[in-house]
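For reference, the structure discussed in these notes is given below.
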Amino acid sequence: MDLAQISQRVSYTELVYQRVNKKLNIELSIPAIEALVQAVLSDATTTIERRGKNYYVSSVTRQVQLVVNAGNFRLITVNKL
């Protein structure tokens, strides 16, 4: 799986928007969160690693790590690096 495929298939739940804002300690709108995710997934310096049932997508540039379910491509959370 590569970043382009994840970028095309990533999906969101209502809960994940709240979780992202809480974990990053910010208040982003839904479109801003989706734009952040797409920016991370389209960045050439982003790395991806599959561990178990999840993809861990890390962006040193933006200092965040996306956790995406490998089965249904739902964004689970975003962690600070």
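The values are calculated or read from the model by the stated rules, or taken from the named source; none is laboratory data. Everything numeric here is computed off the predicted structure, so don't read it as measured data. Positions of Cβ are generated from backbone atoms using ideal geometry, with glycine treated the same way; all protein chains shown enter the neighbour counts. Areas reflect the complete protein model, heavy atoms only, side chains present, ligands, DNA and RNA absent. Shrake-Rupley method; radii C 1.70, N 1.55, O 1.52, S 1.80 Å.
Of the numbered conditions (1) open to solvent by 40 Å² or more (accessible area, probe 1.4 Å); (2) under 13 Å from LEU66 (Cα atoms), VAL16 fails exactly one; give the number of that condition.
All conditions pass for VAL16, except number (1).
Table: residues versus (1) within 12 Å of the chain's Cα centre (by Cα); (2) open to solvent by less than 70 Å² (accessible area, probe 1.4 Å).
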| residue | (1), (2) |
| --- | --- |
| LEU3 | yes, yes |
| SER29 | no, yes |
| THR47 | yes, no |
| LYS53 | no, no |
| SER58 | yes, yes |
| GLN63 | yes, no |
| VAL68 | yes, yes |
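Can you find even one residue in the range 64-77 that is assigned to a helix (DSSP H, G or I), touching a strand residue (DSSP E or B) at 6+ places or on another chain (Cβ under 7 Å) and not polar (S, T, N, Q)?
There is no residue in the range 64-77 that is assigned to a helix (DSSP H, G or I), touching a strand residue (DSSP E or B) at 6+ places or on another chain (Cβ under 7 Å) and not polar (S, T, N, Q).
Would you please name the residue that is surrounded by the fewest Cβ atoms within 10 Å (Cβ to Cβ), looking only at residues in the range 31-45 that are over 10 Å from the mean Cα position of the chain (by Cα) and not small (Gly, Ala, Ser)?
Only one residue fits best here, namely PRO31.
What is the one condition in (1) under 13 Å from the mean Cα position of the chain (by Cα); (2) open to solvent by 70 Å² or more (accessible area, probe 1.4 Å) that ASN25 does not satisfy?
The single condition ASN25 does not satisfy is (1).
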